[in-house]
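First the structure, in the form of structure tokens, and then the observations on it.
Each value in this text was obtained by applying a stated rule to the coordinates, not by laboratory testing. Keep in mind that this is a model prediction, so the values were computed, not measured. Every residue, glycine as well, gets a Cβ built from its backbone with ideal geometry; the counts of neighbours run over all protein chains shown.
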Amino acid sequence: MVTKIVLTEDEMPRQWYNIQADLPSPLDPPLGPDGKPIGPEMLAPVFPMNLIEQEVSSRRWIDIPEPILEKLAIWRPSPLYRAHAFEKLLGCPVKIYYKNEGVSPAGSHKPNTAVPQAYYNKVFGIKRLTTETGAGQWGSALSMAGAMFGLEIKVYMVRISFDQKPFRKLMMQVWGANCIASPSAETSFGRSVLEKTPDTPGSLGIAISEAIEDAVQREDTRYSLGSVLNHVMLHQSIIGLEAKKQMEKAGDYPDVIIGCAGGGSNFAGIAFPFVLDKINGKEIDIVPVEPAACPTMTRGPYAYDHGDTAGMTPLLPMHTLGHEFVPAPIHAGGLRYHGMAPLVSKLVQEKLLRPVSLHQNECYKAALDWARTEGFISAPETSHALAAVVVEAQKAKEEGKEKTILFNWSGHGLMDLTGYDNFLSGRLEDVDFTDDQLKEGLKAIKGLPKPTGA
Ligand SMILES: Cc1ncc(COP(=O)(O)O)c(C=O)c1O
């Protein structure tokens, strides 16, 4: 009975996969404040040109530079596991495989893009990076990558997560970074939010605005985003490329692929190389999972919207709940984002993906069952993928079908135990998203241009 399917370092992919080359129709372009498509040069104060080139590239395969491969090899290729004990507990006719991205030093898939982003900024001559973090996983990942390539890192951490997860801040400090709570008094946008709503739990949208405001004020500084953008999806494709080789070694192929989705990057990472097979005719059910309290894909329209709350980013074509929406303070801080990656949104529009949403109690229940069978303690974000695996396994049983499920175990929850504490003591609340919240949120995008097919 095989539990772990591993690849040697020689078998690690040497190129990333860019799904922009294979979309049924091209992505609508980002738009500037005048509603016109923006050129790469308009992004230059925010990102280095080598990453902007990747952002707009439609080349199918992009070489991974050697210095990046050397760092990725510290934890990659990541193991693919078969979840024998969890399968047994569920008692459904399913084989469950999971890619363990929690083996990275920072504890999630986020270093897969933190390392390339730090590298490309370094070779472009940048000295300092700013960023936001929700759960703290991304802030930790970039802090580690910054230390590896000698960059100064400043992290704006969403207030509610900052309070729930003090050890994440300490991890960032160990890697030499500076982490402060957002909204902060250090930016004019942060001060304006604090003035209006001093008790706000914060949001990823607000933290992104602060990090961009900070970055554009200094010539030696750029901004780094942990999800949403095309180049981030590209860097994460290494997960799915490895998983494909590993499934082949196992002599299997997935019927269902599942990943949780905040900005879309760990989901895209595992799914996009298989979406290519689906475009080419394979039958696969590909499921991004989001929280019921922040149901971007299942309730939000496909529209042009800003990636941040202050409206500093270009308009992106994506599923959105409106850039001023502040999601309820659920424990999955990394899933509290009003928008969704344009590439994931586009594939939802093309009906190549089937998004679902779930409440947090159901997710913690699955995470507890998982910990007591497979051993690993899941991040609250990851628990959404787990709960969806349970739903799909039970569906297979009802349908009397045998299925192979592959999912992305995006990170461990060893720094997220407060959520488990609340669940175990019955204090955890399920939060619904109401029609009124949707109506209010969408006021922020009224009158903006509409992408093709919206
Ligand atoms: C463990 C983990 N999984 C998933 C996510 C969601 O982000 P994304 O959708 O970009 O993968 C996060 C974000 O912080 C995370 O920390």
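For this structure, a couple of remarks:
- Thr382 vs. criteria buried (at least 16 other Cβ atoms within 10 Å of the Cβ) and outside any helix (DSSP H, G or I): no
- Selection count where residues are within 10 Å of the ligand (Cβ to nearest atom) and either acidic (Asp, Glu) or in a helix (DSSP H, G or I) (or both), scope the stretch 218-235: 2
- Members of the stretch 121-152 that are within 16 Å of the ligand (Cβ to nearest atom) and either farther than 14 Å from Ser182 by Cα or aromatic (Phe, Trp, Tyr) (or both): Gln137, Trp138, Ser140, Ala141, Leu142, Ser143, Met144, Ala145
- Yes/no for Val158 being out of contact with any strand residue (DSSP E or B) (no Cβ under 9 Å at 6 or more places or on another chain) and under 20 Å from Val228 (Cβ atoms): no
- Top-ranked residue of the stretch 258-285 - restricted to ones that are more than 9 Å from the ligand (Cβ to nearest atom) and buried (at least 24 other Cβ atoms within 10 Å of the Cβ), ranked as farthest from the chain's Cα centre (by Cα): Val275
- Of the helices (runs of 4 or more DSSP H) lying entirely inside the stretch 45-132, those containing at least 1 residues that are within 23 Å of Ser209 (Cα to Cα) and among the acidic types (Asp, Glu) span 49-56.
- Comparison of Ala393, Ala366 shows that the only residue that is under 25 Å from Leu90 (Cα atoms), within 16 Å of the ligand (Cβ to nearest atom) and in a helix (DSSP H, G or I) is Ala366.
- Selection from the stretch 252-281 of residues that are of a type in the set (Gly, Ala, Ser) and part of a helix (DSSP H, G or I): Ser265, Ala268, Gly269, Ala271
- Condition check for Tyr364: closer than 18 Å to Ser161 by Cα and over 18 Å from the mean Cα position of the chain (by Cα): yes
- Checking Asp163 against (1) within 13 Å of the ligand (Cβ to nearest atom); (2) more than 17 Å from Thr221 (Cβ to Cβ); (3) among the acidic types (Asp, Glu), the condition it does not meet: (1)
- Candidates Glu374, Glu440: the one that is in contact (Cβ under 8 Å) with a residue 24 or more places away in the chain, farther than 29 Å from Thr3 by Cα and surrounded by 14 or more Cβ atoms within 10 Å (Cβ to Cβ) is Glu440.
- Once the stretch 93-143 is narrowed to residues that are in contact with a helix residue (DSSP H, G or I) (Cβ under 6 Å, 6 or more places away or on another chain) and of a type in the set (D, E, K, R), the residue that is nearest to Lys169 (Cα to Cα) is Glu132.
Each row is one residue, and each column tells you yes or no for (1) within 16 Å of the ligand (Cβ to nearest atom); (2) more than 27 Å from Lys403 (Cα to Cα).
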residue: Met297; (1), (2): yes, no
residue: Tyr302; (1), (2): no, yes
residue: Pro329; (1), (2): yes, yes
residue: Ser357; (1), (2): yes, no
residue: Arg372; (1), (2): no, no
residue: Glu381; (1), (2): yes, no
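- Restricting the stretch 23-61 to residues that are farther than 25 Å from Ala114 by Cβ and free of Cβ contacts under 8 Å to residues at least 40 places away in the same chain leaves a set whose member that is surrounded by the most Cβ atoms within 10 Å (Cβ to Cβ) is Pro29.
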